[in-house]
Amino acid sequence: MQTLDQLNASFAIPGVLSFDEHSGLIRARITTPACSGEAYMHGAHITAWQPANEQPVLFLSEKSLFASDKAIRGGIPIVFPWFGARTATPESPRTDGPSHGFARIQPWKLDFGAYAADELHLSLSLEPTELSRSLGFDNFLVAYQITFGKELKLRLSVANDGTQPLHFEEALHTYLHVGDVSQARVHGLYEAEYLDKTDNFARKTQTEPILTFNGPTDRPYLNTTSPIVVDDPSLHRRITVTKGNSNTTVVWNPWGNAGIPDLSEDGWRHMLCIESANVAEDAVTLQPREAHVMETSFSLEALA
Ligand code: TA6
């Protein structure tokens, strides 16, 4: 595992990129004329990004635990190689392991950091670990490229390094920061099919042209590749999420604390998860030596 001193010695860029420690976890801090941001080596977890003079675009729970065996609550947890509770796959009948897989609770390695044209580029990787091997995942490589700029651009690449097929689910489980979720409007999912996790995974179709929120919402939308636009009238802004090679879009708001210990009583009002993903029937199978790249980006504009 890279130390704080090693990261600063190898990658710090004066005035742009530095590393510090928060609650024992190493954090990269980014400041450019175009934006500011933060990312942890624990889980390659982005916890902040905002264009200059804007409010945070990512929600981070004030009660988040920053611990090496827990996922950070908020920002962008990386979900891999299964989404939610582990279920049996064609390769493995196993159902043990942490919620949303192991990638978000493992230390990642920083391989690259560079600043060009007002954008800060980071590249991190995850290879098999003791935990992943104990769960039967010993032949994969994951690379995560992050571009912090006026937009936030993410690229998650998974390669099968073994001799057997590699079956996985993935999600960039993004917690968007909204002023008031009850006023938020989500465009881009009209007539899309989803699995309703609040109704025992019943398969449904969204009949409303614009999705609004008035109760718990927990939906993997299947076969959805279009951009998602979130209007947030209370912060007078619009967030656009684009996707590449992502066939699932997950929308989640618990509409209450829902017993989540690291979420404050009213934290849910200010978060809306819009996740670029490949889960359920959109899960990916890679043959030996094959790779899969999923991309997503976030941009902001004022809401007229
Ligand atoms: O992406 C939505 C979801 O799968 C919900 O079902 C909800 O439980 C959430 O993720 C959070 O999961 P976590 O394991 O981070 O508490």
| message | Suppose the Debye formula is applied to equal point scatterers at every Cα of region 37-102; what is log10 I(q)/I(0) at q = 0.12, 0.17, 0.26 Å⁻¹? | response | -0.40, -0.67, -1.12
| said: Once you keep just the Cα pairs under 8 angstrom separated by 6 or more residues, what percentage relative contact order results for the chain? | reply: 17 percent
| request: With the full set of protein chains in place, find how many percent of the accessible area of the chain is carbon and sulfur; take the probe as 1.4 Å. | output: 48 percent
| Between region 238-304 and region 108-184, what's the alpha-carbon centroid distance in Å? | 13 Å
| When ligands, DNA and RNA are left out and all protein chains stay put, how many square angstrom of accessible area per residue does the chain have with a 1.4 Å probe? | 43 Å²
| Taking the chain as a Gaussian network, where each spring joins two C-alpha atoms under 10 Å apart, which residue of Thr129, Thr163, Thr47 fluctuates the most? | Thr163
| field | the chain - charge dipole about Cα centre, Lys and Arg +1 at Cβ, Asp and Glu -1, debye rounded to 20 | value | 40 debye
| query | What percent does the relative contact order of region 156-260 come to when contacts are Cα pairs within less than 8 Å and at least six residues apart? | reply | 25 percent
| query | With each label point set 7 Å from Cα along the Cα-Cβ vector, what nm distance links Asp161 and Phe112? | reply | 1.7 nm
| query | Per residue and in cubic angstrom, what volume does the convex hull of the Cα atoms of region 11-51 have? | reply | 62 Å³
| task | Report the one residue of Tyr40, Ser68, Pro51 whose Cα lies farthest in the direction of the positive end of the charge dipole of region 13-131 (charges on C-beta: Lys and Arg +1, Asp and Glu -1; origin at the Cα centre). | result | Ser68
| said: So if the hydrodynamic radius of region 190-286 is defined as the Kirkwood radius over C-alpha pairs, what does Stokes-Einstein give as its diffusion coefficient at 4 °C and 1.567 mPa s, in µm² per second? | reply: 90 µm²/s
| remark: Of Leu176, Leu156, Leu135, the most mobile residue in a GNM of the chain (C-alpha springs, cutoff 10 Å) is Leu135
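With a cap of 11 neighbouring Cβ atoms within 10 Å, and only residues DSSP puts in a loop, list the GluC sites (Glu not before Pro) found in region 209-282.
Taking region 209-282 and a limit of 11 other Cβ atoms within 10 Å, the loop GluC sites (Glu not before Pro) found are Glu265.
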| query | Counting alpha carbon pairs within less than 8 Å and at least 6 residues apart, what relative contact order, in whole percent, applies to region 80-179? | reply | 24 percent
| remark: If one builds a Gaussian network model of the chain from Cα atoms under 10 Å apart, the most fluctuating residue listed among Pro77, Pro288, Pro227 is Pro288
| Ellipticity estimate at 222 nm from DSSP helix runs (n ≥ 4, -39,500 (n - 2.57)) divided over the chain, nearest 500 | -1000 deg cm²/dmol
| message | Please list log₁₀ I(q)/I(0) at q = 0.22, 0.24, 0.26 Å⁻¹ for region 186-241, using the Debye equation with identical point scatterers on the alpha-carbon positions. | response | -0.91, -1.04, -1.14
| task | Report the charge-dipole magnitude of region 64-194 in Debye, nearest 20, computed about the Cα centre from +1 at each Lys and Arg Cβ and -1 at each Asp and Glu Cβ. | result | 280 debye
| message | For region 18-85 and region 189-216, what is the centre-to-centre distance using only Cα atoms, to the nearest Å? | response | 28 Å
| What Rg and what Dmax come out for the chain when only alpha-carbon atoms are used, in angstroms? | 18.5, 54
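The values are calculated or read from the model by the stated rules, or taken from the named source; none is laboratory data. All values derive from a computational prediction rather than experimental measurement. Don't worry about glycine lacking a Cβ; one is built from the backbone with ideal geometry, like all the others, and counts go over all protein chains shown. For accessibility, only protein heavy atoms count, side chains too; no ligands or nucleic acids. Shrake-Rupley method; radii C 1.70, N 1.55, O 1.52, S 1.80 Å.
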